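In what follows, a structure is listed as structure tokens, so that the remarks can point back to it.
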Amino acid sequence: MTEERWKAIPGYEGLYEASDLGRIRSVYRVVIHRDGQVRRYQSKVLKPTPDKKGYPMVVLSKSARLSTFFVHRLVLLAFVGPRPAGMVVRHFPDPDPANNRLSNIRYGTPAENSADQIVHGTHTKGDRNGTAKLSTADVLAIKEALKNRRRGTAAALAKKYKVSTSTISFINLGKAWRTVLGQEVANERDE
């Protein structure tokens, strides 16, 4: 088993460190306050608080200013460096937002992050999208009806499923519900 490695967090050197196991700690320090009082602060691992999606956050203090950070961003900042422009943090191969080990997080493009979400089953496309008016079954039925032209026109389908005719057209052209229609195409190839 390897030993946990700690590195200073840029901008918070001498105050906080991040570990390759995804933990954040304060560093032992002696502080002389304005009133001349000397205080010794022991090193301790911070207890993160998850946000609504389960991503752990910690509060760091510097010069009496408090700032909240995601743990995964601090770990990458300490071990890899600043996030390159246009990049996001990816949790891969483990999609658990609480797994902030250096071996599980990396910078990547938004497209790579979306591909990870599809692999993990955490994407919000199709039925998983809270604002979706159609189900996967509805989309497949619409696509089948348009293919066979048995059940009516796009206007009739739009009325039946309570969506706009442009939504029906986008489904027909493969511009909407691509993940579902892509699965349909893959299934047809398998047969």
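The values are calculated or read from the model by the stated rules, or taken from the named source; none is laboratory data. Keep in mind the model is a prediction, meaning the values are calculated, not measured. Neighbour counts run over all protein chains shown; Cβ positions are idealised from the backbone, glycine included.
So, of the residues in the stretch 128-138 that are touching a helix residue (DSSP H, G or I) at 6+ places or on another chain (Cβ under 8 Å) and in a loop (DSSP other than H, G, I, E, B), which turns out to be modelled with the highest pLDDT?
Looking at residues that are touching a helix residue (DSSP H, G or I) at 6+ places or on another chain (Cβ under 8 Å) and in a loop (DSSP other than H, G, I, E, B), I get L134.
Which one is nearest to S103 (Cα to Cα) among residues in the stretch 53-73 that are aliphatic (A, V, I, L, M) and touching a Pro at 6+ places or on another chain (Cβ under 7 Å)?
V71
Among the residues of the stretch 99-127, write down those that are at pLDDT below 75 and either under 10 Å from H72 (Cα atoms) or not in a helix (DSSP H, G or I) (or both).
Across the stretch 99-127, the qualifying residues are G121, T122, H123, T124, K125.
Report those helices (runs of 4 or more DSSP H) wholly inside the stretch 146-191 carrying at least 2 residues which are at pLDDT below 65, over 14 Å from L134 (Cβ atoms) and in the same structural domain as L134 (by TED's automatic domain parsing).
Output list reads 178-190.
Find the residue count for the stretch 1-14, including only residues that are over 15 Å from S103 (Cα atoms) and either of a type in the set (V, I, T) or modelled with pLDDT under 95 (or both).
Residues flagged as over 15 Å from S103 (Cα atoms) and either of a type in the set (V, I, T) or modelled with pLDDT under 95 (or both) within the stretch 1-14 amount to 2.
Within the stretch 38-52, how many residues turn out to be farther than 21 Å from D96 by Cβ and either out of contact with any strand residue (DSSP E or B) (no Cβ under 9 Å at 6 or more places or on another chain) or surrounded by 10 or more Cβ atoms within 10 Å (Cβ to Cβ) (or both)?
Counting residues in the stretch 38-52 that are farther than 21 Å from D96 by Cβ and either out of contact with any strand residue (DSSP E or B) (no Cβ under 9 Å at 6 or more places or on another chain) or surrounded by 10 or more Cβ atoms within 10 Å (Cβ to Cβ) (or both) gives 3.
Does F79 satisfy the condition of being within 22 Å of P97 (Cβ to Cβ), surrounded by 18 or more Cβ atoms within 10 Å (Cβ to Cβ) and either outside the structural domain of D96 (by TED's automatic domain parsing) or out of contact with any Asp or Glu (no Cβ under 6 Å at 6 or more places or on another chain) (or both)?
Numbers: within 22 Å of P97 (Cβ to Cβ): yes; surrounded by 18 or more Cβ atoms within 10 Å (Cβ to Cβ): no; either outside the structural domain of D96 (by TED's automatic domain parsing) or out of contact with any Asp or Glu (no Cβ under 6 Å at 6 or more places or on another chain) (or both): yes.
So F79 does not fit the description; no.
Quick one: which strands (runs of 3 or more DSSP E) lie wholly within the stretch 1-96 and hold at least 3 residues that are under 20 Å from D116 (Cβ atoms)?
88-91
Return yes when P82 is in contact with a Pro (Cβ under 6 Å, 6 or more places away or on another chain) and either at pLDDT 95 or above or of a type in the set (A, V, I, L, M) (or both) and no when it is not. Quick ask: steps written out before the conclusion?
On the way: in contact with a Pro (Cβ under 6 Å, 6 or more places away or on another chain): no; either at pLDDT 95 or above or of a type in the set (A, V, I, L, M) (or both): yes.
Answer is no for this residue.
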